[in-house]
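Shown next, in structure tokens, is the structure this report addresses.
The values are calculated or read from the model by the stated rules, or taken from the named source; none is laboratory data. On a predicted model such as this, the values are computed, not experimentally measured, just so you know. When we count neighbours, we look across all protein chains shown, and the Cβ atoms used for this are built from the backbone with ideal geometry, even at glycine. Heavy atoms of the whole protein, side chains included, go into the accessibility calculation; ligands, DNA and RNA do not. Shrake-Rupley method; radii C 1.70, N 1.55, O 1.52, S 1.80 Å.
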Protein chains: 2
Amino acid sequence: MDITKDELKKFQGLLRDNTPDQYINLQPIQRGGVLPPESRKTLLSYGDGYSMCDFCLSGRIDEIEKPAVGEFLKLFAKWIEMDFSMPTGASREAKKIIIQQLASKVSSGVKPVLVVDGLAHYSTFVAAESAGVEVVEVPHDGHPTFKLEAEKYADVIDQVKDDSSRQVIAALLTHADYLYGNVTPPEIVSKICKKKGVPFIVNGAYTVGIMPFSGKKAGADFVTASGHKSMASSGPIGMLSCSAEFQDLLFPRSTIEGNWSGRSFNHKITTLLGCPSVYGAPLATLMSSFAHVVERTKPENWEKEKENARLLASTLLRIDGVKMLGVQPHEHTMMQFETEPFEEAAKNAPKKGFFLYNELKARGIVGIFPGMVKSMKLNTYGLARAQVEHVGQSFIDIAKKYGLTVY
Amino acid sequence: MDITKDELKKFQGLLRDNTPDQYINLQPIQRGGVLPPESRKTLLSYGDGYSMCDFCLSGRIDEIEKPAVGEFLKLFAKWIEMDFSMPTGASREAKKIIIQQLASKVSSGVKPVLVVDGLAHYSTFVAAESAGVEVVEVPHDGHPTFKLEAEKYADVIDQVKDDSSRQVIAALLTHADYLYGNVTPPEIVSKICKKKGVPFIVNGAYTVGIMPFSGKKAGADFVTASGHKSMASSGPIGMLSCSAEFQDLLFPRSTIEGNWSGRSFNHKITTLLGCPSVYGAPLATLMSSFAHVVERTKPENWEKEKENARLLASTLLRIDGVKMLGVQPHEHTMMQFETEPFEEAAKNAPKKGFFLYNELKARGIVGIFPGMVKSMKLNTYGLARAQVEHVGQSFIDIAKKYGLTVY
């Protein structure tokens, strides 16, 4: 079908409105994915399709020596303190592979069950659903802290075990959740899992690459991580790490050997549809950003990040009526606030709920969803102290401008 | 685990050796994935993780209005002349979704079978394997043309149909194969499929975005395409297009509604693990490059591309002993040659098989696999006439330098 030039013009040379070099971006799921300058060069250098495969010998990206992908994956596994790491499309894809492969070991007629925290990301539910696996949730304590009752993994696992028609394939913990930024220590859950003989999955999509993390300390059998969310990478790229005992289950080789056309594919990995080669540019940026990520996740640097987040939180709480959700003291830079006073102010503002977005943007700040004033999620990760102070002062100034009480 | 600065330095600011602005790159699967200049800007602009989601209202990237993803997908479907198009991670992921969803309709106890061409890409086999689907091949005529015997789809389908324990879920045709660059007209296969009542999948990973293509003319129920291979996009990004009748089967909504934590995910698509949101930067480049792709696939431009390829082929065939594989006249810019004389020359060359790579690189040409001299695959797509002439002359000069006979 012929397409007119006018129809195409709109998309050609598409540019983003709010780039991080122009604005302070508070978007809660974007802060951990901002590329350091050296990786922007890497992105351009590897920007063309399949650029990672120039010197691929074996037909598997995880074995490429130039650039040193194989060496990098070993280093990544060492850093995260797991036996083995493999790139995947995203943390969600890693979860899907784990869930589906564990479920494949369950006898026919028995329903596989995944036990997850009640704060789990939607993609955990959907990954399980797409693998035909039932999900059972471990509760949190509800509004306003939403604190996970982690010790209840034991009861929930036992309840499923009491039913012979169902089998717990694994327990999954969302290390930090994306709604409230609550961080649950994995050790509590891993001890329960060990005792119950249940494999333990840590979804580290919002922690690995953000804060200090050790799979060994966490007691994890599997760790999923996200490059575009939390390892300063261009999307999509995730990392699936596991202990040695699960490596063959997760990454089985193709059994196709000598088909009609005489070809064999037994070096290819079926769960990765052969080879995760399609992740060239994203993987290149993940590798390039790794030094930056290793540095920023050192305990002393993470402490500074938390200080910044807490500074902004305490500033926002000076606005009468603003409340913070989630566990206190807050252990993550992702935060959610109930902002009823802004909702009230919106009623009289000419642009209604959009006033906050516009006022912030006029002050060089973006990432608060346009029109959203009832509550807001934001993230200070990676911002300089002065930027955090500017954000806090801006909220105070806007509050005052719209007649809110500020203490 | 602590990682030393030395261990990290190697990866930081990783740069590719052979970028297309420095070298003429003949790499057969990369030529169609080279970004036009405007899309390199787009790549940088959308380079950070989740940058496409700034103004996402519904939680689904295919519905985003800013940038106009929803509008773009409709335009793409119009261009490819299919009812519906959805981004996926790659053509292989698109194939997996189609195969898996078609197989899900087969009665238990019956073995689902996919009929494919004997030139099918390995990822077709692995996608079927991972979905528990048997693959049966339609033969080609072997060395040196490897011409697909497309009319034999009828017999192969009938043979499977004769066996009540097996069911043909679909027939798949690799429109252009990556080994010899043979192009098989889909119309031959679609007619057979229609007669036999079998859904028809066209793998357009090496044709959609490269040459004129119409899903309607092809008679396809499904078309898979690859952004990083053939639509001038940064990887990974594919496109799954289908006729309206299969849309719900391929993209089912989650049935999770009101779980313990009160959340519903029924707007999410299970086969995409919720939302293909992870493809931000790659999708942005696909959208940006679309104008370029629409232009280059116009018949008159594709004719020029084929002329360039045939010019290089005829030049290479002037070297005594060099033979071209695949169907003649050749209908694609991907080509494979048997280069026995270069293999002979390598025996006496100081760097053995690497001489060809080094000699070409010294002339500003890369993409022929280092050490590979027995046969070579290359692609002239998107090169200027002068570049193609330079490549041809370089091969001739190298041949003469190493004492080969040139006519």
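Descriptive notes on the structure:
- Extreme residue, farthest from the other protein chains (Cβ to nearest Cβ), among residues of segment A:54-73 that are open to solvent by 50 Å² or more (accessible area, probe 1.4 Å) and at pLDDT 90 or above: A:63
- Each residue in segment B:74-89 was checked for being more than 7 Å from every other protein chain (Cβ to nearest Cβ), in a helix (DSSP H, G or I) and touching a residue at least 12 places away in the same chain (Cβ under 8 Å), and 3 pass.
- Segment A:6-31 - residue that is at the interface with chain B (Cβ under 7 Å from one of its Cβ atoms) and open to solvent by less than 10 Å² (accessible area, probe 1.4 Å) and, of those, modelled with the lowest pLDDT: A:18
- Some residue of segment A:400-407 being assigned to a helix (DSSP H, G or I) and either open to solvent by 20 Å² or more (accessible area, probe 1.4 Å) or of a type in the set (S, T, N, Q) (or both): yes
- Being open to solvent by less than 30 Å² (accessible area, probe 1.4 Å), assigned to a helix (DSSP H, G or I) and modelled with pLDDT of 95 or more holds for only one residue in A:359, A:307, and it is A:359.
- Yes/no for residue A:241 being within 10 Å of chain B (Cβ to nearest Cβ), among the polar types (S, T, N, Q) and open to solvent by less than 10 Å² (accessible area, probe 1.4 Å): no
- Helices (runs of 4 or more DSSP H) completely within segment B:173-250 that count 3 or more residues being more than 26 Å from residue B:270 (Cα to Cα): B:186-196, B:215-218
- The residues of segment A:116-145 that are within 19 Å of the chain's Cα centre (by Cα) and either touching a residue at least 24 places away in the same chain (Cβ under 8 Å) or more than 29 Å from residue A:274 (Cα to Cα) (or both), listed by number, are A:116, A:117, A:118, A:119, A:120, A:121, A:123, A:124, A:126, A:127, A:128.
- Looking across B:226, B:288, B:234, B:214, one residue alone is closer than 30 Å to residue B:37 by Cβ, open to solvent by 10 Å² or more (accessible area, probe 1.4 Å) and within 9 Å of chain A (Cβ to nearest Cβ). It is B:214.
- Residue A:295 vs. criteria surrounded by fewer than 20 Cβ atoms within 10 Å (Cβ to Cβ), under 24 Å from residue A:231 (Cα atoms) and touching a helix residue (DSSP H, G or I) at 6+ places or on another chain (Cβ under 9 Å): yes
- Of the set (1) free of Cβ contacts under 8 Å to residues at least 60 places away in the same chain; (2) more than 9 Å from chain A (Cβ to nearest Cβ); (3) in contact with a Phe, Trp or Tyr (Cβ under 6 Å, 6 or more places away or on another chain), all apply to residue B:109 but (3).
- Among the residues of segment A:104-155, those identified as surrounded by fewer than 21 Cβ atoms within 10 Å (Cβ to Cβ), of a type in the set (A, V, I, L, M) and assigned to a helix (DSSP H, G or I) are A:150, A:154.
- Residue B:283 vs. criteria within 14 Å of chain A (Cβ to nearest Cβ) and in contact (Cβ under 8 Å) with a residue 12 or more places away in the chain: yes
- Some residue of segment A:187-203 being open to solvent by less than 20 Å² (accessible area, probe 1.4 Å), under 21 Å from residue B:89 (Cβ atoms) and modelled with pLDDT of 95 or more: yes
- Tabulated pairs, segment B:343-367, first away from chain A (no Cβ under 14 Å) and in contact (Cβ under 8 Å) with a residue 24 or more places away in the chain, second open to solvent by 70 Å² or more (accessible area, probe 1.4 Å) and not polar (S, T, N, Q), C-beta under 7 angstrom, 6+ apart or interchain: B:343/B:374; B:346/B:352
- Considering residues of segment A:262-277 that are open to solvent by 10 Å² or more (accessible area, probe 1.4 Å) and touching a Pro at 6+ places or on another chain (Cβ under 7 Å) only, the residue farthest from the other protein chains (Cβ to nearest Cβ): A:271
- Residue A:35 being surrounded by 18 or more Cβ atoms within 10 Å (Cβ to Cβ), within 21 Å of the chain's Cα centre (by Cα) and more than 7 Å from chain B (Cβ to nearest Cβ): no
- Among the residues of segment B:156-174, not one is of a type in the set (D, E, K, R) and open to solvent by less than 10 Å² (accessible area, probe 1.4 Å).
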